[in-house]
1. So if I check each of Ile108, Ile96, Ile176, which one is within 24 Å of Tyr271 (Cβ to Cβ) and touching a Pro at 6+ places or on another chain (Cβ under 9 Å)?
2. Condition first: surrounded by fewer than 15 Cβ atoms within 10 Å (Cβ to Cβ) and of a type in the set (A, V, I, L, M, F, W, C). Now tell me which residues in the range 217-230 satisfy that.
3. Give the residues of the range 164-184 that are surrounded by 11 or more Cβ atoms within 10 Å (Cβ to Cβ), among the aliphatic types (A, V, I, L, M) and free of Cβ contacts under 8 Å to residues at least 40 places away in the same chain, sorted by residue number.
4. Which pairs do you get when a residue that is in contact (Cβ under 8 Å) with a residue 60 or more places away in the chain and among the charged types (D, E, K, R), found in the range 246-262, comes within reach of a residue that is outside any helix (DSSP H, G or I) and surrounded by fewer than 18 Cβ atoms within 10 Å (Cβ to Cβ), reach meaning Cβ atoms under 7 angstrom, with the pair 6+ apart or on two chains?
5. Name the residue, out of Val156, Val171, Val243, Val164, that is within 24 Å of Leu265 (Cβ to Cβ), out of contact with any Ser or Thr (no Cβ under 9 Å at 6 or more places or on another chain) and in the same structural domain as Gln261 (by TED's automatic domain parsing).
6. Are there any pairs, at least 6 apart or on different chains, whose C-beta atoms fall under 9 Å, with the first in the range 137-161 and buried (at least 16 other Cβ atoms within 10 Å of the Cβ) and the second in a helix (DSSP H, G or I) and charged (D, E, K, R), and if so, which?
7. Exactly one of these conditions fails for Gln95: (1) buried (at least 17 other Cβ atoms within 10 Å of the Cβ); (2) among the polar types (S, T, N, Q); (3) under 28 Å from the mean Cα position of the chain (by Cα). Give me its number.
8. Spot the failing condition for Ala307; the list is (1) surrounded by fewer than 18 Cβ atoms within 10 Å (Cβ to Cβ); (2) among the small types (Gly, Ala, Ser); (3) on the phi > 0 side of the Ramachandran plot, and only one is missed.
Amino acid sequence: MEANSEDEGNRSTGGGFVNNRNGAQAMTRQYAKCKYLFLLLLPALVWYTIFSYGPLYGVQLAFKEFRILQGIGGSPWIGFHYFEMMLNGSQDFFQIVRNTLVLSFYHIVFGFPAPIVLALLFNELRLQWFKKLAQAISYLPHFFSWVVLSGFLITVLSPSTGVVNQLLELVHLKPIYFIGDPHYFRFTLVVSGIWKEVGWGAIIYLAALASTDPQLYEAAVIDGAGRWKQLLHITLPSLIPVVSIMLIFRIGGILDAGFDQVLNLYTPATYQVADILDTYVYRLGLEQMQFGFATAVGLFKNVIAFALVLLANYAVRKSGEEGLL
């Protein structure tokens with residue numbers, strides 16, 4: 001009996017090995033069959049290797065006293081000195097973190113739902129030519145850099161010659177310095193950010209809506225459901241998986257408050273409400289040449305962002321939706 005059991009175990013183990021070997025061979029054949037498709041992936045892998053993984057070598061600057069003549073590898077280690085200085089000795093740091101969180105909060109509350117609403121509005125349009133025209137107009141600002149758009153906004157929002165303030169004067173309101181007044185600067189950032197990216201962000205949600213089974217709408221019409229009930233019970237539920245994934249990404253980037261936008265629009269007069277972690281790192285690293293301290297701040301931001309991604313993914317999975325991991 002024991003010998004028979006051992007023989008059966010050996011046969012089952014051998015069978016499992018054979019199945020695994022056959023599976024590996026089938027996968028290798030599939031890869032060989034699609035080798036040209038993998039070649040198309042090669043440029044992206046090279047780009048990420050050079051520009052995303054290559055710079056990780058410089059992360060050690062956060063733990064070293066950088067000396068130019070000795071280079072990164074030869075500079076002496078100083079441990080967590082920069083992190084202690086960042087958390088204990090830098091009075092501006094917590095104000096900058098607060099500015100970053102406040103701006104990101106505004107972007108999430110007002111900016112995150114904007115492309116969803118726009119996609120729902122586009123989905124309800126029946127005139128195809130008007131729908132395509134409206135989509136093209138909404139996409140257009142995305143293709144301009146903030147260098148170009150900041151010049152446009154400074155001109156349009158100028159308190160003396162800007163179109164917006166001239167309209168305000170027509171209704172007997174005082175001109176507003178949207179770019180230079182700290183009370184209005186965050187509002188300007190959020191609104192201009194939505195204007196630039198809302199059309200481009202709606203593409204993902206329009207793709208999700210296009211994949212919704214049309215038979216669901218036909219069945220709803222037969223049951224007497226109007227457009228509002230179809231929106232609530234078919235359209236919105238079909239968007240929930242995509243919204244969950246995009247929300248994870250957005251929460252993970254909560255410490256990214258829009259470096260390009262802020263850098264091109266803020267002035268010393270608005271530093272108190274506009275200076276964020278990315279602009280702080282830019283000034284420390286490139287203007288003041290404090291490479292170690294700037295690297296420590298950047299590393300701190302990225303570690304927090306990674307933790308937020310994991311936390312948001314966990315919350316989404318607990319809610320019953322599909323997460324990233």
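1. Exactly one residue qualifies, and that residue is Ile176.
2. Ala219, Val221, Ile222, Trp228
3. Hits for the range 164-184 are Val164, Leu168, Ile176.
4. So the pair list comes out as Arg250/Phe112.
5. Of the residues listed, the single one that is within 24 Å of Leu265 (Cβ to Cβ), out of contact with any Ser or Thr (no Cβ under 9 Å at 6 or more places or on another chain) and in the same structural domain as Gln261 (by TED's automatic domain parsing) is Val156.
6. Every condition considered, the pairs that remain are Pro141/Lys196; Pro141/Glu197; Trp146/Lys196; Trp146/Asp260; Leu149/Lys196; Ser150/Asp260.
7. (1)
8. Failing condition for Ala307: (3).
The values are calculated or read from the model by the stated rules, or taken from the named source; none is laboratory data. All values reported here derive from a predicted model rather than from experimental measurement. Cβ atoms come from the backbone with ideal geometry, glycine included; neighbour counts cover every protein chain shown.
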